[in-house]
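See structure below.
Rule-based calculations on the coordinates, nothing more; no lab input. Owing to the predicted nature of the structure, the values given are computational and were not obtained by experimental measurement. Note: ideal-geometry Cβ built from the backbone for every residue, glycine included; neighbour counts use all protein chains shown.
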Amino acid sequence: MHRDRISLVLFSLTLSIAAAVSCTTSETINMTGQTGHAGTTGSGTAGTTGTAGSTTGNAGTGAGTAGTTGAGGSITGTSGGTSGGTGGNGGAGGGMGGAGGAGNPDGGSGAILSFATDIYPFIKTQCTPCHITNIDGMLSMKDATTAYTNLVGTTMGVAAKTNLTCTMLSAAKKRVVPGDPAHSYIYIKTSMTNAALMPAGCQPAMPEMPQSTLTLTTDQVTKIHDWIMGGAMP
């Protein structure tokens, strides 16, 4: 009797399990309209505001520094040059400096010199006794007219009478070559030293020592140069 009751209980459990299994495997699960899980709430912190760009540049300097006025050029050309000096440029922001004065094409003082007025007065005092009271080198310059005639003649200069082997002379070997002092014997002899003249076969410098104790100044030699360069005017 007791055994039958146990069997009946077991049978009832078996039927219950079978029914549960049958319901789970055969019933379709409807997924439509199902509510999902709520998503994670986003961060509510606002982003950092960007820095505004600068719109105004630095102001530039309004005015340049005034330049220094250039020095005026000399009206006297450099010996042998073609024009006077040029004035310097002004500094940044300034004007141009003053232009130099035009030099004489001969590179001299710009003035046309006269033999009688500008040259002979110092020849008369500095070239004695050799060419004033004597005629050394076969060159008499006892007065302005005689001196000019023996140096220049009409237009092209008079040939030297001595030291014709001087290599500083041109082929014409003139005492004065108008417009060309570098090949004029009187300028060669008065502007150079014995150290330069003697090896070139040009004999001593003038005035010659010890026959004369006189000398020519730098200004006087420059006047001879400028006089010749300006055309060797009477």
- [ ] Please express the Cα-Cα pair-distance distribution P(r) of region 168-234 as a list of whole percents, one per 5 Å bin, running from 0 to the bin with the greatest distance.
- [x] 4, 19, 26, 26, 18, 8, 1
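What is the percent of Cα-Cα separations in region 113-164 that go past 17 Å?
Details: 442 of 1326 pairs.
Tail of the P(r) past 17 Å holds 33 percent of the pairs.
Dividing the Cα convex hull volume of region 115-229 by residue count, how many Å³ per residue is that? Walk me through the numbers before you get to the answer.
Numbers: hull volume 10.3 nm³, N = 115.
Taking only Cα atoms, region 115-229 has a hull volume of 89 Å³ per residue.
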Open item on the list: Give me the one-decimal nm value for the distance between modelled label points at Ala159 and Gln203, 7 Å along each residue's Cα-to-Cβ direction.
Closed with: 1.6 nm
